[in-house]
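Colleague: Please find one structure pasted underneath; my questions will follow.
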């Protein structure tokens with residue numbers, strides 16, 4: 001919406017904003033950095049262009065900043081505490097339409113598993129999630145690549161998250177699977193749809209949407225693929 005690129009830098013302990021057409025060695029438009037930010041090692045962020053906010057997840061807490069913030073800016077809100085269930089959090093997505101935050105965090109039930117925590121967008125402090133998607137039926141218990149993405153499609157209230165990996169393809173590579181839940185799901189529920197398998201040959205789970213063409217674009221690693229999924233749009 002604002003034609004900007006937002007980058008969470010764990011090495012710089014900063015949130016960097018570049019113009020959308022940035023090229024080469026170009027300085028950021030804005031930098032959020034300093035002790036008051038409480039940033040320690042951010043590498044996952046999402047943008048709420050409607051309410052002009054940045055959302056950052058760091059292991060056991062969620063930090064929210066003003067989009068136009070510059071310098072040593074304190075968070076507007078911080079979700080942190082034992083009731084949040086935030087532990088080993090590794091991805092975040094904001095839904096500005098339905099006013100939700102979705103976080104992928106470690107599951108207490110499985111050593112390599114994960115669960116999806118759904119919060120109200122304006123939550124602050126030691127708050128319980130309004131819903132938790134997790135358990136054996138979800139497939140999240142078996143884990144997936146920790147560097148994969150979490151996305152939400154607000155128009156239909158859908159969550160796109162990494163799923164358990166399927167069998168190997170002819171090259172000996174494990175195929176990634178992308179699973180889709182509703183923002184209204186709660187508990188140990190299987191995904192509505194799962195996209196992947198030997199024929200799909202998905203390696204990497206970075207996700208983007210092309211509603212006009214009714215496509216979900218999935219990529220990472222060596223491939224970038226567009227899947228025609230009219231039932232989602």
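Colleague: Provide the FRET efficiency to the nearest 0.05 for the residue 23-residue 206 pair, computing r from the beta carbons and using R0 = 22 Å.
Modeller: Numbers: r = 21 Å, r/R0 = 0.95.
FRET efficiency, residue 23 to residue 206: 0.55.
Colleague: Which part of the stretch 172-193 falls in the paramagnetic zone of residue 156, meaning amide N under 19 Å from the point 7 Å along Cα-to-beta-carbon?
Modeller: 177-186, 190-193
Colleague: In what order do 56, 94 fall by count of nearby beta-carbon atoms within 10 Å, going from fewest to most? All intermediate terms of the calculation are to be shown ahead of the outcome.
Modeller: Details: 56 23, 94 26.
Going from least to most buried by this count: 56, 94.
Colleague: So which residue, out of 90, 182, 114, gets the largest mean-square fluctuation from a GNM of the chain using Cα contacts under 10 Å as springs?
Modeller: Of 90, 182, 114, the Gaussian network model singles out 182 as fluctuating most.
Colleague: When ranked by the protection proxy of mean other Cβ atoms within 10 Å per residue, highest first, what sequence do the peptides 18-28, 61-71, 206-216 form? Can you show the working numbers first?
Modeller: Values: 18-28: 10.3, 61-71: 18.3, 206-216: 15.2.
The densest-packed peptide leads the list: 61-71, 206-216, 18-28.
Colleague: So, one more: If you count, for each residue, the other Cβ atoms within 10 Å and average over each peptide, how do 82-89, 95-102 line up from highest to lowest?
Modeller: Numbers: 82-89: 17.0, 95-102: 19.4.
Going by the mean number of other Cβ atoms within 10 Å, highest first, we get 95-102, 82-89.
Colleague: Between residue 174 and residue 130, how high is the FRET efficiency from 1/(1 + (r/R0)^6) when r is the Cβ-Cβ distance and R₀ = 30 Å? Nearest 0.05. Kindly include the intermediate steps, with their values, before the conclusion.
Modeller: Working: r = 33 Å, r/R0 = 1.11.
The pair residue 174/residue 130 has a calculated efficiency of 0.35.
Colleague: Please compute, for the alpha-carbon atoms of the stretch 42-113, the extent along each of the three principal axes and give them in descending order in Å.
Modeller: 39, 28, 21
Colleague: Here's something else I'd like to know. So if each residue of separation counts as 0.36 nm, and I subtract the Cα-Cα distance between residue 189 and residue 36, what length gain in nm does that give? Don't jump to the answer; show the numbers that get you there.
Modeller: Numbers: separation 153, 0.36 × 153 = 55.08 nm, distance 3.97 nm.
Computed gain between residue 189 and residue 36 is 51.1 nm.
Colleague: Further question: Write down the radius of gyration of the stretch 179-233 and its Dmax, each obtained from C-alpha positions, in Å.
Modeller: That works out to 12.3, 34 Å for Rg and Dmax.
Colleague: How much length, in nm to one decimal, is gained on full extension between residue 224 and residue 97, taken as 0.36 nm per residue of separation minus their Cα-Cα distance? Mind showing how you got there, number by number?
Modeller: Values: separation 127, 0.36 × 127 = 45.72 nm, distance 2.79 nm.
Difference between extended and current length: 42.9 nm.
Colleague: If you average the alpha carbon positions of the stretch 72-102 and of the stretch 190-233, how far apart do those two centres end up, in angstrom?
Modeller: 26 Å
Colleague: Of all the Cα-Cα pairs you can form in the chain, what percent are over 31 Å apart? Working shown, then result.
Modeller: Details: 5768 of 27028 pairs.
Tail of the P(r) past 31 Å holds 21 percent of the pairs.
We did not get these values from a lab; they are worked out from the coordinates using the rules stated. Nothing here was measured: the structure is a model prediction, and the numbers come from that model. As a convention, Cβ positions derive from the backbone with ideal geometry for all residues, glycine included, and neighbour counts pool all protein chains shown.
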